[in-house]
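Quick notes on the structure that follows.
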Amino acid sequence: MDSQKENHIFLFAHPDDEIFVLCHARDLSLQGHSLTFVYLTGGLLNSKQRESESLAVLDGWVSDHKVYFLGEELRVGDGQL
């Protein structure tokens, strides 16, 4: 495998979808790659709570990551994308 460090971008429909790639993201993080997570909708209910839960999971599993909750910022709810 190439030793060059890369930035990997993960796109998700809504907060909590990171669960599907968490092991892969952790492996990339352990290899020294930086990770960016982008959530495209705000979810159905309690979007702020779901965002904080996603952040807690990511903070516990991966290092050197950036997170963007575009759905919340742009007021795009679940099913409106």
(message) I need the full set of residues from the range 41-81 which are crowded, with 19+ Cβ neighbours inside 10 Å and touching a Pro at 6+ places or on another chain (Cβ under 9 Å), in order please.
(response) 41, 42, 43, 47, 50, 51, 54, 69, 71, 72
(request) Quick one: in the range 1-38, of everything that is within 18 Å of residue 69 (Cα to Cα) and charged (D, E, K, R), which residue is most open to solvent (accessible area, probe 1.4 Å)? (result) 16
(message) I need a count of the residues in the range 16-61 that are under 20 Å from residue 80 (Cβ atoms), among the aliphatic types (A, V, I, L, M) and in contact (Cβ under 8 Å) with a residue 40 or more places away in the chain.
(response) 1
(request) Could you please give the count of residues in the range 3-50 that are assigned to a strand (DSSP E or B) and either at pLDDT 95 or above or within 9 Å of the chain's Cα centre (by Cα) (or both)? (result) 10
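The values are calculated or read from the model by the stated rules, or taken from the named source; none is laboratory data. Predicted, not measured: the structure shown is a model, and the values here were computed from it. Heads up, the Cβs are rebuilt from the backbone with ideal geometry, glycines too, and the neighbour counts pull from every protein chain shown. The accessibility values were calculated without ligands, DNA or RNA, using every heavy atom of the protein model including side chains. Shrake-Rupley method; radii C 1.70, N 1.55, O 1.52, S 1.80 Å.
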